[in-house]
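Worksheet for the structure shown next.
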Amino acid sequence: MGHVTQNTPFNALNIALLTVSDTRELSSDESGNLLQQRIESAGHQLAERQIVKDDIYQIRAVVSHWIASEQVHAIVITGGTGFGDRDNTPEALSPLFDKLVEGYGELFRQLSFNSIGTSSMQSRALAGIANKKVVFAMPGSPRACALAWDELIQPQLDARQRPCNFVAMVVSQTSSCQSRSSQEAIKKQSEPNNSQIIAKQQPDTRLSGTVAVKSARKLI
């Protein structure tokens, strides 16, 4: 089960934030404001924030720029993940990914099912890796953004999260994730050997016998 270890220092990331919307501005972007607050509260830096129209090529242009930037570690996108005519975020992002992070969308829909039931299947939330940047896209509602960040994204952008996180990939000097086998090996090394415990618990019969012989000689 996932856990946070205190043996690894926290590593602040530069995170770019994109809102996909035909109508929102910074002042009315509740979801973007929520994500910015959570990014900064978690100890990360907001590298850049933009709002773009729900257009495949505008989305792709902004995200491509961030993917190529050496100053950005992760990208968070809200909006445009449904099935409406103007929901184009998955189509814009998919060609940019080197690898898909299938588990993100699967877990997001699983968690959403607990509150909205089968409507969760209409979310096309997705994530992927591009140029060693991790990109997360989620629906445009504040509630969905809070769910995605709190339950999925924030833990995976924390270098202290074990057994694995994405920080080791986006920041080269960070130690890599430990496999389950390596964790168990370390645990076994730190545990005392059973044979050593038994040996310590058993009395030294040779010493006892020597003492008994000496005591008997004194009595003779």
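Under 13 Å from the Cβ of PHE108, count the other residues' Cβ atoms, weight Lys and Arg +1, Asp and Glu -1, and hand me the total. Once positives and negatives cancel, what remains is -1. Looking only at region 108-133, which residues have a backbone nitrogen under 19 Å from a spot 7 Å from the Cα of PHE83 in the C-beta direction? It comes to 108-126, nothing else.
At an R0 of 41 angstrom, the distance between the Cβ atoms of GLU25 and GLU91 translates into a FRET efficiency of 0.95. Max-minus-min Cα coordinates of region 71-110 on each principal axis give 32, 25, 17 Å, with the largest extent listed first.
For Cα pairs less than 8 Å apart in space and 6+ apart in sequence, what is the mean separation divided by the residue count of region 37-159, i.e. the relative contact order in percent? Please report the intermediate quantities before stating the final value.
Values: 164 pairs, mean separation 32.7, N = 123.
Across region 37-159, relative contact order equals 27 percent.
Each label was represented as a point 7 Å from its Cα along the Cα-to-Cβ direction; for ASP55 and GLN122 these points are 2.7 nm apart.
Computed from the coordinates by the stated procedures, all read-outs in this text should not be read as laboratory data. Given the structure is predicted, the values throughout are model-derived calculations rather than measurements. Heads up, the Cβs are rebuilt from the backbone with ideal geometry, glycines too, and the neighbour counts pull from every protein chain shown.
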